[in-house]
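Working notes, structure below.
The values are calculated or read from the model by the stated rules, or taken from the named source; none is laboratory data. Predicted model only: the values in this text are computed from it and were never measured. Glycine gets a Cβ as well: all are built from the backbone with ideal geometry, and neighbour counts include every protein chain shown. Accessible surface areas use protein heavy atoms only, side chains included; no ligands, DNA or RNA. Shrake-Rupley method; radii C 1.70, N 1.55, O 1.52, S 1.80 Å.
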Amino acid sequence: MAEDNKKSEPRRRGWSIADFEIGKPLGRGKFGRVYVAREVKSKYIVALKVIFKEQIDKYNIHHQLKREMDIQTSLSHPNILRLYGWFHDDQRVFMILEYAHGGELFKELRKCGYLSEQKAATYVASLANALAYCHEKDVIHRDIKPENLLLDHEGRLKIADFGWSVQSRSKRHTMCGTLDYLAPEMVENKAHDYAVDNWTLGILCYEFLYGAPPFEAESQRDTFRRIVKVDLTFPSTPPVSAEAKNLITRLLVKDSSKRLSLQKILEHPWIIKNANPMGTCDN
Ligand code: AMP
């Protein structure tokens with residue numbers, strides 16, 4: 001929408017809430033609500049994320065939000081949720097986002113229990129493609145987990161929520177992300193780089209195929225311990241092919257420099273055999 005507008009007639013003023021008809025709520029995040037909305041002039045459907053400035057002040061997230069918006073605006077890839085623009089009024093900040101009609105991948109996964117090898121491979125390939133694009137632009141996402149993965153109307157995966165991502169060439173030291181998806185170097189609070197995303201791909205691939213992440217445990221301490229030891233086991237059900245297990249084993253490697261590269265993931269026999277090159281999946 002924003003792009004089409006840019007091409008035909010440059011916007012002389014910014015967006016405002018009067019440009020949108022607000023529809024049903026789509027969900028609720030840590031800092032705001034998301035609604036489906038229609039831009040009045042073009043009738044283009046978008047998702048409008050509303051964040052109250054009071055919340056931004058309370059949690060001191062000015063920088064994080066600004067970073068999320070700057071990064072997401074600069075990225076344009078079929079597997080990354082577009083941020084078309086943003087505006088604000090006295091009380092709220094509004095993000096104009098691409099609408100992901102299929103909702104959260106997490107919900108699909110919980111509903112089905114686990115995914116078929118074709119679906120799992122298609123999502124892993126989509127993620128590898130999107131991450132390769134991000135890495136080229138020096139962006140590490142660091143918070144890739146099923147809740148941050150949305151699906152469009154064709155079942156195409158979209159990475160959302162760049163709140164935790166960083167744009168940097170140097171190795172990072174800050175601790176962040178969600179427990180089960182953390183790479184050993186993050187758990188141990190060591191310097192980390194792009195290879196953390198490759199680890200996360202291994203975790204997600206496992207979770208897609210088995211329905212739960214590999215290092216799940218009763219307590220946080222036990223999860224940490226299992227991650228650091230790379231205590232990886234494959235249950236006998238559901239049945240999963242040896243090629244899929246091979247890919248997971250080659251991603252969940254403690255030495256980050258020995259993890260399979262994103263390019264090698266895309267060339268892996270399991271991906272070649274199972275992934276839909278169009279990136280779409282029937283729901
Ligand atoms: P968030 O504040 O980004 O965590 O979003 C809260 C919830 O709103 C998500 O978990 C999704 O279910 C939904 N949601 C967020 N963005 C979109 C979008 N662009 N399209 C469809 N649903 C969305």
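For this structure, a couple of remarks:
- Tally of residues being more than 22 Å from Ser256 (Cα to Cα) and touching a His at 6+ places or on another chain (Cβ under 7 Å) across segment 192-220: 0
- Residue count for segment 132-154, restricted to those that are on the phi > 0 side of the Ramachandran plot and within 16 Å of the ligand (Cβ to nearest atom): 1
- Residues of segment 245-265 that are open to solvent by 40 Å² or more (accessible area, probe 1.4 Å) and either part of a helix (DSSP H, G or I) or touching a strand residue (DSSP E or B) at 6+ places or on another chain (Cβ under 6 Å) (or both): Lys245, Asn246, Thr249, Arg250, Ser257, Lys258, Gln263, Lys264.
- Every residue from segment 109-131 that is open to solvent by 20 Å² or more (accessible area, probe 1.4 Å), more than 13 Å from the chain's Cα centre (by Cα) and more than 16 Å from the ligand (Cβ to nearest atom): Cys112, Gly113, Tyr114, Ser116, Glu117, Gln118, Lys119
- Of all residues in segment 90-108 being more than 12 Å from the ligand (Cβ to nearest atom) and open to solvent by 20 Å² or more (accessible area, probe 1.4 Å), the one that is nearest to the chain's Cα centre (by Cα): Arg92
- Among the residues of segment 42-79, those that are within 19 Å of Leu150 (Cα to Cα) and within 10 Å of the ligand (Cβ to nearest atom) comprise Ile45, Val46, Ala47, Leu48, Lys49, Val50, Glu68.
- Failed criterion for Arg156 (all others in (1) touching a Ser or Thr at 6+ places or on another chain (Cβ under 6 Å); (2) open to solvent by less than 10 Å² (accessible area, probe 1.4 Å); (3) modelled with pLDDT of 95 or more hold): (2)
- Checked against the criterion of being of a type outside the set (A, V, I, L, M), in contact with a Cys (Cβ under 9 Å, 6 or more places away or on another chain) and at pLDDT 90 or above, the candidates Gly202, Gly211 yield just one match: Gly211.
- Residues of segment 42-66 satisfying the condition of being farther than 19 Å from Lys158 by Cβ, of a type outside the set (Ser, Thr, Tyr), open to solvent by 60 Å² or more (accessible area, probe 1.4 Å) and in contact (Cβ under 8 Å) with a residue 24 or more places away in the chain: Phe52, Glu54
- Members of segment 13-41 that are open to solvent by 70 Å² or more (accessible area, probe 1.4 Å), away from the ligand (no atom under 11 Å from the Cβ) and outside any strand (DSSP E or B): Arg13, Ala18, Lys41
- Condition met for Val230 (more than 12 Å from Ile248 (Cβ to Cβ) and aliphatic (A, V, I, L, M)): no
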